[in-house]
Amino acid sequence: MFRWLTTLLALGVVGVLLLAWSSGWFDSKVAPEPGDTPAPDPRLAYKGPFKNIHPDVKYVGDAVCAECHRGHSLGFHSHPMGQSIRKTSGLLDEPHFAKDVSFKKLGATWTMDREGDKVFHVEKILGKDDQVVAEMRTPVDFVIGSGQRGHSFFTFQQSAIYQTPISWYSQKKLWDISPGFRESRLRPVTSGCLVCHSGGVHPQQGTANQYDPTNPFRSAAISCERCHGPGQLHVEAREKRLMTIDGEDPIDYTIVNPIHLEPALRENVCQQCHLEGTARVLRRSRTGNDFRPGMKLDEVWRVFVLTRHEGEHHNAVSHVEQMYQSEFFIQSKGKMGCLSCHDVHAPPVGEAEKIKFYRNKCMECHEEPHHAEPAKKRAELNSGNCVACHMPRFEAADSVHTAATDHRVLRNPKAGAKHSTGPKPLKAGYAVTPFEMREGLEEDPEFLRDLALGLYMSMHEVPINQVNRTVTSSVKLMKEALERHPHDETAILMLSEVQSRRNESDETKRESLARLQGLLKRQPNHERALEMSGKIHLDLEEYPQALECFERMMKVNPTMLTHFLRGAEVAVRLKQWEKAKTYAEKALELHPTHAAPRVVLVYVLRKMGKHAEANKYNRVLIAMPESLVAPHREVLKQLMRAP
């Protein structure tokens, strides 16, 4: 009867799961058991000149950098990157925090309360006569985003980080629902997301969204060391007044300065976050924190893009993909890159300064005689604003992962690009291709493993006529990868995920279960492995084993709403009414405005003969708006007819 609950939960988390895979949800490393060899650590294998690539070199933090580089530090921390995550208490003087917040979305009324230096997002469900029938107050601990395009918000609950459902949109100057939210449930924030939006994180091994409870961030905002690498050796050399320059070479190799890197490695520094593609696959045995400036990005992350054949139109989304389509970038043969136009240490402030700054950048390469239009006409059109013509803004600039400006830098934007370029397609004709293609890559077993994961993670973006082949190819390659390395955590989890979505035989499900049980032997509290195991037991109608998995998940992450709802569902199947009641009550405590826990409680309490208490929850459901109750309507009809 309660299969509806699993279905509803799945609808809410499918996007999160695909995002989790692409962002490296579970990026922790575990010592392999005999018979499984970890992939070599590229930081140890590094043969270049820079000395801070080694994993033993420690990060020192921006405050230490500022002691000697005060000007650069002040400039960087006025840049959006240097303000990527901050404590909410430090932004309360911002104008949009001072104004009253009240709007209606997702069947609820949203407001913001302030109590001293604390901020709460408040969701109220209003019934007839606008009476509050349910309310949820969520403390807001961190602000994500510099405010240039907007602010979203994190709540830190015990050791877990969640995104709240409302955001501030700077360009529209309004409060609204956060991008991608279809219901009001808090969204788990994975370490893979925070790897780019922060200066580094301290995740708890094997969990979805839990971190060091006293120190979740190595640095909340993106830090100096994200682009320069760990600073320990550089600081020590300066403190001891040691010579850090080798012979006549003027470069200090104790720390990376991107301008001293060859073009591809220089661009990789920016691409560690700004190259999204359709899938970002964390390499085997790697974590999201392993990349160091000076390394090749694909030694840690393998980025895949949709395959485009010659002549096909390609709407690249990320700035990097767009720039690689630019005729100027192609013809520059590596001379042009992100740093040609962007200076994170001295960002222009104000619209007039930005126009002047970027115009000067353009004129460094494009002197006046090379422009087709006379200077007087250009001044009349846009006051000399090169970007306004050649890099027009996208309409969907408020979407979190959409380029704000067209980085193809078209000579004539109205005419469009001469041709669409992109990475060369793989010989086997897969739906995705790696952004970085190298000779012999298609014969590399490690690449084929990454391709398997990239194919599945891209499933929601490939053309509909390629979906079946994409999934079939992904499964085949994943099985082959697990034959080579049976303890590959990500491959185990993703193959189980793929097979759980297909109409597989019980035998195949038990094979997945065996792999998951092996993983749980190595990591008993692995949240995703427990979740997948519970789901497979549920499909096999092995309800006691499923309940055991979900109960373990509740202990691992006692702040996750879905863990308790799943536990309540299975307890109902087992007619363990007291457990079902307890888990549904906990779910309601975590999310007082959610309808699902009340539906469970109405059903369970009636089975327990507690009709008065059941009616109390049912009255709230009846008073809730139709949009919130509609998904549960057929179930409610059955429950109301129940004795």
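The values are calculated or read from the model by the stated rules, or taken from the named source; none is laboratory data. This is a predicted model, so every value here is computed, not measured. Backbone-built Cβ (ideal geometry, glycine too); neighbour counts: all protein chains shown. The protein model used for the area step is the full one, side chains on, heavy atoms only, and it has no ligands, DNA or RNA in it. Shrake-Rupley method; radii C 1.70, N 1.55, O 1.52, S 1.80 Å.
Considering only the stretch 500-512, state which residues are open to solvent by 10 Å² or more (accessible area, probe 1.4 Å) and either assigned to a helix (DSSP H, G or I) or not charged (D, E, K, R) (or both). It would help to see each step written out before you state the result.
First pass over the stretch 500-512, keeping only residues open to solvent by 10 Å² or more (accessible area, probe 1.4 Å): 500-511.
S500, R501, N503, S505, D506, E507, T508, K509, R510, E511, listed by residue number.
Mind checking which helices (runs of 4 or more DSSP H) fall wholly inside the stretch 532-591 and carry at least 3 residues that are open to solvent by 20 Å² or more (accessible area, probe 1.4 Å)?
Values: elements: 543-556, 561-573, 577-590.
Fully inside the stretch 532-591 and qualifying: 543-556, 577-590.
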(message) Need pairs with beta-carbon distance below 6 Å; first residue of a type outside the set (D, E, K, R) and within the stretch 239-256, second modelled with pLDDT under 65; sequence gap 6+ or separate chains.
(response) T254/T244
(request) Scan the stretch 437-464 residue by residue and report those that are open to solvent by 50 Å² or more (accessible area, probe 1.4 Å) and within 21 Å of the chain's Cα centre (by Cα). (result) H460, E461
(request) Identify the residue in the stretch 40-92 that is out of contact with any helix residue (DSSP H, G or I) (no Cβ under 6 Å at 6 or more places or on another chain) and basic (K, R) and, among all such residues, is surrounded by the most Cβ atoms within 10 Å (Cβ to Cβ). (result) R43
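Based on what the data block shows, is V467 part of a helix (DSSP H, G or I), open to solvent by 20 Å² or more (accessible area, probe 1.4 Å), at pLDDT below 95 and farther than 20 Å from D298 by Cβ?
Values: part of a helix (DSSP H, G or I): yes; open to solvent by 20 Å² or more (accessible area, probe 1.4 Å): yes; at pLDDT below 95: yes; farther than 20 Å from D298 by Cβ: yes.
Spelling it out, V467 is indeed part of a helix (DSSP H, G or I), open to solvent by 20 Å² or more (accessible area, probe 1.4 Å), at pLDDT below 95 and farther than 20 Å from D298 by Cβ.
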(message) Being open to solvent by less than 50 Å² (accessible area, probe 1.4 Å), in a loop (DSSP other than H, G, I, E, B) and over 30 Å from L628 (Cα atoms): is that true of G192 here?
(response) no
(request) Out of A160, A220, report the one residue that is open to solvent by 20 Å² or more (accessible area, probe 1.4 Å) and within 16 Å of the chain's Cα centre (by Cα). (result) A220
(message) So, S505, is that one more than 29 Å from the chain's Cα centre (by Cα) and of a type in the set (S, T, N, Q) or not?
(response) yes
(request) List the number of the failed condition for A160; all other conditions in (1) modelled with pLDDT of 95 or more; (2) of a type in the set (G, A, S); (3) touching a helix residue (DSSP H, G or I) at 6+ places or on another chain (Cβ under 7 Å) hold. (result) (3)
(request) Could you tell me which numbered condition G150 fails, if it satisfies all but one of (1) at negative phi; (2) open to solvent by less than 20 Å² (accessible area, probe 1.4 Å); (3) at pLDDT below 95? (result) (1)
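Could you list, in sequence order, the residues of the stretch 604-633 that are among the charged types (D, E, K, R) and assigned to a helix (DSSP H, G or I)?
Just the residues of the stretch 604-633 that are among the charged types (D, E, K, R), to begin with: 606-607, 610, 613, 616, 619, 626, 633.
Listed by number, the residues that qualify are R606, K607, E613, K616, R619, E626, R633.
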(request) Working only within the stretch 363-380, note down all residues that are at pLDDT below 70 and either among the hydroxyl-bearing types (S, T, Y) or surrounded by 12 or more Cβ atoms within 10 Å (Cβ to Cβ) (or both). (result) H371, R378, A379
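When you scan the stretch 345-362, do you find a residue that is under 23 Å from the mean Cα position of the chain (by Cα) and either crowded, with 22+ Cβ neighbours inside 10 Å or over 23 Å from F447 (Cβ atoms) (or both), even just one? Write out each step before concluding.
Of the residues in the stretch 345-362, the ones under 23 Å from the mean Cα position of the chain (by Cα) are none.
No, because not a single residue in the stretch 345-362 is under 23 Å from the mean Cα position of the chain (by Cα) and either crowded, with 22+ Cβ neighbours inside 10 Å or over 23 Å from F447 (Cβ atoms) (or both).
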